[in-house]
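Enquirer: First the structure, which I've put down as structure tokens, then a few questions once you've had a look.
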2 protein chains.
Amino acid sequence: MASPPKHLSGDPTAINEFIDKFDIFLLDCDGVLWSGDHLFPGTVEILEYLRSRGKKVVFVTNNSTKSRADYQKKLTSMGIPSNIEEIFASAYSSAIYISRILKVPPPKNKVFVIGEIGIETELKTEGIEFIGGTDPAYRRDITPEDYKGIADGSLLDDNVGIVLAGLDFHITYLKYAHAYHYLARGAKFLATNTDSTLPANHTFFPGAGSISIPLINMTGQQPTALGKPSQAMMDSIEGKFQFDRKKACMVGDRLDTDIRFGIEGKLGGTLAVLTGVAKKEEWEAEGAPVVPAYYVEKLSDLKG
Amino acid sequence: MASPPKHLSGDPTAINEFIDKFDIFLLDCDGVLWSGDHLFPGTVEILEYLRSRGKKVVFVTNNSTKSRADYQKKLTSMGIPSNIEEIFASAYSSAIYISRILKVPPPKNKVFVIGEIGIETELKTEGIEFIGGTDPAYRRDITPEDYKGIADGSLLDDNVGIVLAGLDFHITYLKYAHAYHYLARGAKFLATNTDSTLPANHTFFPGAGSISIPLINMTGQQPTALGKPSQAMMDSIEGKFQFDRKKACMVGDRLDTDIRFGIEGKLGGTLAVLTGVAKKEEWEAEGAPVVPAYYVEKLSDLKG
């Protein structure tokens, strides 16, 4: 059984030792730095403080609705200084995976997207062709002609070889029907991430994993997930920054994504915050599957 | 291990003995009598033939988008004579369950509906109050005001004590957000049925079970399902017709819903048809969990 996590809040000596142990902090965003559009007090200051102590900071988010550029705008609008190269979002991770790892040979390498513009932006950057996504042609009611054309294939694109499902605030029955038929015809099934919920407005809304799960239910197939805790994302981050995993700490609010991501990535440490999904009771439970190495009530507690 | 099913097609003696064994045939519709709007050849004749031999026929369908009256219109338009009392659809089954079995005390007995007009019609018939469903207020994009009002509860109806999820061709992120928050506040979770796919146009489209599964994924709760194979539906059918289960045969195209429904209901027989979802390979597989007692390639084979 894993040792209980060390509680750092209110313990300046322990905090100091903790910060000294690491060169790089991989930071989840939603639920750690903010919730929805609400920036947690002290976020800007704690990031400045970590940087002032020479630490590298990387923003690692499963939110697939934003491209890295969108994310940087969000950080900037909140007064958080950042560099686009410090941002790893699951839309970017998915685009990289398709173009550099999956490498489906043309012409059957087009992507059918369930998701928002952030995914489209990152696919375009990698030169990947796609349909679906934000196209209004899929944001409407299904018609008898759709049933017919999907069933006989005349409304399907023969070059679609990949279905990529992320968070889609405009999900429709029509999109599910198309995605299901591409998968039934053999398309590879990818998911930006599998979070069941999305933290927003101090509560939860449907997450990307709850948008893609109908396709899992229909096909019996599990997608390859590109967000945390998938180690495909960790490998990309390491490839980019060339850091020593023992000197890296993953910080997050979800045990099953963030903390698992750090543990399975064999990082030197994992830090849980209680401003998002995780509750102390989860790791205190007998036989808890994922236990962080450290925890604080809120990230700004690291200021000491 | 269950014995392999008896193959009746092309064997007039076996067919005759089979029909003689039963007084009542519970018939699944989609995939058995028709697929989508395509009536299988010989359907009208085989139903006439069974009636001519004094057999009672009941149409038992998990399709939750239609009320019994809608279903009768469909049967009539296809030239199939029927009586509304012979029709059991999962929308009806759900309404009956809410009004006669669940009996949530007022005022917290309002239903939030994910589904189409058929559900609404049956709820109205039973005098059950509901919101959601086909209301255009939920068939639109989610807005920042929705996030806020759902999160703080000001846009939620305090009298909703039940979430009923069926097949919804107009599913939206907004509906999922509302349903999730009602469930998180303690509403009872019902599903008209849990079929993962819907047979139509000789292929499959997303079924009710694939529309409700995001809510299961978000809440970790399993709904009480009111369609096949739930025995709540069998009990209603028996209560209405007062038949001898040993003289009843369930006919269907899905092993995990129709055939399981008949087996768990301890009916005298189950007959699988191969015009829908089930393939022979499913029950021929080693350790197949559900094996019908009989099978035919198509229902009209019973004409002998």
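The values are calculated or read from the model by the stated rules, or taken from the named source; none is laboratory data. Note that the structure is predicted; figures quoted are calculated from it, not measured. Don't worry about glycine lacking a Cβ; one is built from the backbone with ideal geometry, like all the others, and counts go over all protein chains shown.
Enquirer: Quick one: which residue in A:182, A:173 is away from every other protein chain (no Cβ under 11 Å) and of a type in the set (Ser, Thr, Tyr)?
Expert: A:182
Enquirer: State whether one or more residues within segment A:12-31 are without any contact (Cβ under 8 Å) to a residue 24 or more places away in the chain and either outside any helix (DSSP H, G or I) or acidic (Asp, Glu) (or both).
Expert: The answer is yes, given that some residue of segment A:12-31 is without any contact (Cβ under 8 Å) to a residue 24 or more places away in the chain and either outside any helix (DSSP H, G or I) or acidic (Asp, Glu) (or both).
Enquirer: Looking only at segment B:200-223, count how many residues are among the polar types (S, T, N, Q), more than 8 Å from every other protein chain (Cβ to nearest Cβ) and in contact (Cβ under 8 Å) with a residue 60 or more places away in the chain.
Expert: So the answer is 1.
Enquirer: Residue B:190 passes all but one of (1) within 14 Å of another protein chain (Cβ to nearest Cβ); (2) under 20 Å from residue B:138 (Cβ atoms); (3) within 14 Å of the chain's Cα centre (by Cα); which number fails?
Expert: Just one mismatch for residue B:190, condition (1).
Enquirer: With the requirement that a residue be in contact with a helix residue (DSSP H, G or I) (Cβ under 9 Å, 6 or more places away or on another chain) and basic (Lys, Arg), what does segment A:124-155 give you?
Expert: A:124, A:139, A:140
Enquirer: Quick check on segment B:252-260. Is at least one of its residues of a type in the set (D, E, K, R), assigned to a loop (DSSP other than H, G, I, E, B), free of Cβ contacts under 8 Å to residues at least 60 places away in the same chain and farther than 18 Å from residue B:19 by Cα?
Expert: No, there is no match, as no residue in segment B:252-260 is of a type in the set (D, E, K, R), assigned to a loop (DSSP other than H, G, I, E, B), free of Cβ contacts under 8 Å to residues at least 60 places away in the same chain and farther than 18 Å from residue B:19 by Cα.
Enquirer: Considering only residues that are within 10 Å of chain A (Cβ to nearest Cβ), surrounded by 13 or more Cβ atoms within 10 Å (Cβ to Cβ) and not in a helix (DSSP H, G or I), which ones fall in segment B:142-167?
Expert: Hits for segment B:142-167 are B:142, B:167.
Enquirer: Just for segment B:126-141: of the residues that are farther than 22 Å from residue B:101 by Cα and surrounded by fewer than 20 Cβ atoms within 10 Å (Cβ to Cβ), which one is nearest to the other protein chains (Cβ to nearest Cβ)?
Expert: B:141
Enquirer: Moving on to the next point. Within segment A:62-114, track down each residue that is farther than 24 Å from residue A:176 by Cβ and aromatic (Phe, Trp, Tyr).
Expert: Once the filter is applied, which keeps residues that are farther than 24 Å from residue A:176 by Cβ and aromatic (Phe, Trp, Tyr), segment A:62-114 yields A:71, A:88, A:92.
Enquirer: Of the numbered conditions (1) in contact with a Phe, Trp or Tyr (Cβ under 8 Å, 6 or more places away or on another chain); (2) on the phi < 0 side of the Ramachandran plot; (3) surrounded by fewer than 23 Cβ atoms within 10 Å (Cβ to Cβ), residue A:201 satisfies every one except a single condition; which is it?
Expert: (2)
Enquirer: Answer yes if at least one residue in segment A:226-238 is on the phi > 0 side of the Ramachandran plot and free of Cβ contacts under 8 Å to residues at least 40 places away in the same chain, and no otherwise.
Expert: no
Enquirer: Out of (1) more than 11 Å from every other protein chain (Cβ to nearest Cβ); (2) touching a helix residue (DSSP H, G or I) at 6+ places or on another chain (Cβ under 7 Å), what's the single condition that is false for residue A:241?
Expert: All conditions pass for residue A:241, except number (2).
Enquirer: Does any residue of segment B:189-198 turn out to be in contact (Cβ under 8 Å) with a residue 24 or more places away in the chain, of a type in the set (A, V, I, L, M), farther than 30 Å from residue A:149 by Cα and not assigned by TED's automatic domain parsing to the domain that holds residue B:40?
Expert: Among the residues of segment B:189-198, at least one is in contact (Cβ under 8 Å) with a residue 24 or more places away in the chain, of a type in the set (A, V, I, L, M), farther than 30 Å from residue A:149 by Cα and not assigned by TED's automatic domain parsing to the domain that holds residue B:40, which makes the answer yes.
Enquirer: Next question, about the same structure. Kindly provide the set of residues from segment B:212-228 that are touching a helix residue (DSSP H, G or I) at 6+ places or on another chain (Cβ under 7 Å) and either small (Gly, Ala, Ser) or under 22 Å from residue B:67 (Cβ atoms) (or both), ordered by number.
Expert: If the condition is that a residue be touching a helix residue (DSSP H, G or I) at 6+ places or on another chain (Cβ under 7 Å) and either small (Gly, Ala, Ser) or under 22 Å from residue B:67 (Cβ atoms) (or both), then B:223, B:226, B:227, B:228 are the ones that fit.
Enquirer: Kindly check whether there is at least one residue in segment A:251-266 that is modelled with pLDDT under 95 and surrounded by fewer than 17 Cβ atoms within 10 Å (Cβ to Cβ).
Expert: Within segment A:251-266 (the criterion being modelled with pLDDT under 95 and surrounded by fewer than 17 Cβ atoms within 10 Å (Cβ to Cβ)), the answer is no, since none of the residues qualifies.
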